[in-house]
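Q: Here you go, one structure.
Quick note: the coordinates plus some simple rules give every number you see, no bench work behind them. Just so it is clear, the model here is predicted, and its values are computed rather than measured. As a convention, Cβ positions derive from the backbone with ideal geometry for all residues, glycine included, and neighbour counts pool all protein chains shown.
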Amino acid sequence: MLKNDPLEQWDRDIFLHPSTHLAEFARGNVPQRIVTGGKGSHITDRNGNRLLDGFAGLYCVNVGYGRQEIAEAIADQARELSYYHAYVGHGTEASVTLAKMVLDRAPDHMSKVYFGLGGSDANETNIKLIWYYNNIRGLPEKKKIISRWRGYHGSGLMTGSLTGLHLFHKKFDLPMAQVLHTEAPYYYGRPKGEMTEEEFSAWCASELEAMIEREGPETIAAFWAEPVLGTGGIVPPPKGYWEKIQAVLEKYDILLVADEVVTGFGRLGSMMGSDHYGLKPDLITIAKGLTSAYAPLSGSIVSDKVWKVLEQGADELGPLGHGWTYSAHPIGAAAGVANLKLIDELGLIENAATVGRYLNDRMRETLGDHPNVGEIRGEGMLCAVELTADRSTRAAPDAGDKVTQRAVGHLLENGIIARAMPQAEIIGFAPPFCLTQDEADEIVEKTARAVNEVFGSGTSPRPA
Ligand code: PMP
């Protein structure tokens, strides 16, 4: 790329950015950043800035930037065999090896994996497999899917419907009719003292059960959920939640889909979120961490229970009428194999657990008593700081004050990328697993400064 290319102008004029205020961006009112490089936990941009990426891209660059082992694996694969499809029994060495590595890391009762490109299409595959599954079982009415408010499952028509954030529905005529949303496991959002955490979990399960009864259990196919709510605010489940929810699903013959696009392959400090919380999903969706985003690849992991029905269906229906040109793309698969090996070799999941805990502990020590911090929560290498106008009532700050956006802007000016999570006043962090303790300290100190700056309290962070 020529140094003097008018790239910034082209970007404003012709590039339609996802999840961006299009008109404001074109008018030049939304900041622009053209990213040029990355190493470890840092990225660099065309203006020469070096930033600590506290969100690992979109919580996907789990092993960190600039890993030559993965780059080499991609280059070797491209030189040897850049593409072959996976239709009608074809495969590549990379895709079959990766399937084995994925299954070895998935919960024991999972038995097959289907590869796609991104989290949305993998969820789409899982929806189709579930409808297929119930058709084969002679239950054509059993098609509705329940997901949760605040859940994030993608941006497609059905997956955008499963997503429980209004921004992703607004003016797209979504959600579609087969999708219903139940309560989010967002304990902080309830009035303080209304019920204990366990009572809240029981209430979420009873709300789910009431919805199933209302709709008719014979019409509900599946329940879709992230083990930890991600984009909806980084919300670990309240005590007893999964146990109670799974009991309801079992009672009504409803499949559980664990969307592990964020949590899969180490983000919680365990290999899979399902094992971390004792979930027994019937299907699992994976993406981001599968390749650490060195190449696009996703997957749908199928349990033995679902597979047995699909197998029976194949004998009746013939070939599976579902596939993408790029299903199991060998370059993505080669990236996946190298990525999972690197995670093991460098002990990156252990680092995610240790440094993630350190980051959360330090954030609590430093900001936990701040009058404008309502809650600090996280698990593994995920951390959220929820801002409030008044911590005794948990009142949200005035939306017009844009406190979270301003805090995130302040962090950015000081070299840290954080994310203003949609639909609440939450600063989110999901750094690469290779984050060091010093980098965690830097995130915490600069977050404290940003929060103080925005609320004008002048309180300085407590020393470590
Ligand atoms: N599921 C979850 C839990 C996600 O966080 C995301 C993306 N943030 C998706 C699905 C969709 O993945 P993609 O953007 O790759 O389609």
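Q: Can you give the extra length, in nm with one decimal, that the chain gains between ALA26 and SER111 once fully stretched, where that is 0.36 nm per residue apart less the Cα-Cα distance?
A: Contour length minus the Cα-Cα distance gives 25.8 nm.
Q: Taking H as built 1.01 Å from N, whose amide H comes closer than 5 Å to the amide H of GLY368, not counting residues under 5 places away?
A: Counting only residues 5 or more places away or on other chains, the set is empty.
Q: Then there's this: Collect residues whose amide H, placed 1.01 Å from N in the peptide plane, falls under 5 Å from the amide H of VAL373; neighbours closer than 5 in sequence don't count.
A: Counting only residues 5 or more places away or on other chains, the set is THR388.
Q: What ranking do 148-155, 282-289, 15-22, 201-208 get when scored by the average of other Cβ atoms within 10 Å per residue, highest first?
A: Packing order, densest peptide first, comes out as 282-289, 148-155, 201-208, 15-22.
Q: Could you work out how far apart the two model spin labels at GLU8 and ARG449 are, taking each label as a point 7 Å from the Cα in the direction of the beta carbon, and quote it in nm?
A: Placing both labels 7 Å along Cα→Cβ, they lie 2.4 nm apart.
Q: Order the peptides 314-321, 418-425 from the highest to the lowest mean number of other Cβ atoms within 10 Å of their residues.
A: 418-425, 314-321
Q: Place the peptides 29-37, 435-443 in order of packing, highest mean first, counting for every residue the other Cβ atoms within 10 Å and averaging per peptide.
A: Ranking, from highest mean packing down: 435-443, 29-37.
Q: Find which of VAL257, ASN49, MET176 sits farthest along the positive direction of the dipole of the chain, computed with +1 on the beta-carbon of Lys and Arg, -1 on that of Asp and Glu, about the Cα centre.
A: The residue sitting most towards the positive pole is ASN49.
Q: Further question on the same structure: Counting only DSSP beta bridges with both residues in segment 103-237, what percent are antiparallel, rounded to the nearest 5?
A: Close to 10 percent.
Q: Relative contact order for the chain: what is it in percent, counting Cα pairs under 8 Å that are at least 6 residues apart?
A: 20 percent
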